[in-house]
Amino acid sequence: DAYEVVWRRNGPPPRPYPETAAVILPGSRLTRLDLEWLRSRPDWIAFLHTHVERGGVLLGLCGGYQMLGMNVSDPDGIEGDSGTSVGLGFLPVETVIAPVVSKIVAPRVGYLRLPTPTEDQDNQPPTSKNDGCSIVADS
């Protein structure tokens with residue numbers, strides 16, 4: 001299957017899953033500012049929740065991953081004003097932005113373990129059981 005990739009920054013959100021298969025939320029160097037920008041657009045927040053509730057994929061990269069958590073804190077004002085912003089609440093993650101004393105680059109792998117799909121008794125397509133998911137990180 002061919003997929004069309006569309007970059008959206010302004011304007012209304014697209015139609016949620018299944019019309020939109022996946023949403024990628026990138027990051028920047030101003031995570032809290034970007035999060036506040038996104039939160040100021042209630043149509044986008046509603047779209048993201050509806051998209052995920054219907055089974056759509058939501059992938060956060062770097063600061064986008066941090067926004068998917070519960071809170072993003074910047075107590076020292078490294079990326080702007082100090083404070084804490086409420087995250088989007090999709091992941092049980094708390095982010096604290098801290099000064100970099102030394103940069104250590106090490107390979108890391110993270111993935112989301114979803115519930116196992118099950119087949120309905122009427123031979124319907126597989127669906128996911130609603131028994132939760134877990135976040136696994138390997139360093």
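The values are calculated or read from the model by the stated rules, or taken from the named source; none is laboratory data. Since this is a predicted model, take the numbers as computed values, not measurements. Cβ sites come from the backbone with ideal geometry, for glycine too, and all protein chains shown count toward neighbours. Only protein heavy atoms, including side chains, enter the accessible area calculation; ligands, DNA and RNA are left aside. Shrake-Rupley method; radii C 1.70, N 1.55, O 1.52, S 1.80 Å.
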Exactly one of PRO92, PRO16, PRO107 is modelled with pLDDT of 90 or more and not small (Gly, Ala, Ser), and that one is PRO92
Consider the range 18-37. How many of its residues are in contact (Cβ under 8 Å) with a residue 40 or more places away in the chain and farther than 15 Å from THR84 by Cα? 4
Filter the range 91-104 down to the residues that are without any contact (Cβ under 8 Å) to a residue 60 or more places away in the chain and assigned to a loop (DSSP other than H, G, I, E, B) and list them by number. LEU91, PRO92, VAL93, ALA98, PRO99, VAL100, VAL101, SER102, LYS103, ILE104
Pairs please, first residue from the range 1-15 and in contact (Cβ under 8 Å) with a residue 60 or more places away in the chain and within 19 Å of LEU38 (Cβ to Cβ), second anywhere and open to solvent by 100 Å² or more (accessible area, probe 1.4 Å) and in a loop (DSSP other than H, G, I, E, B), Cβ atoms under 8 Å, 6+ apart in sequence or on different chains. none
Can you tell me how many residues in the range 54-90 are assigned to a strand (DSSP E or B) and open to solvent by less than 50 Å² (accessible area, probe 1.4 Å)? 8
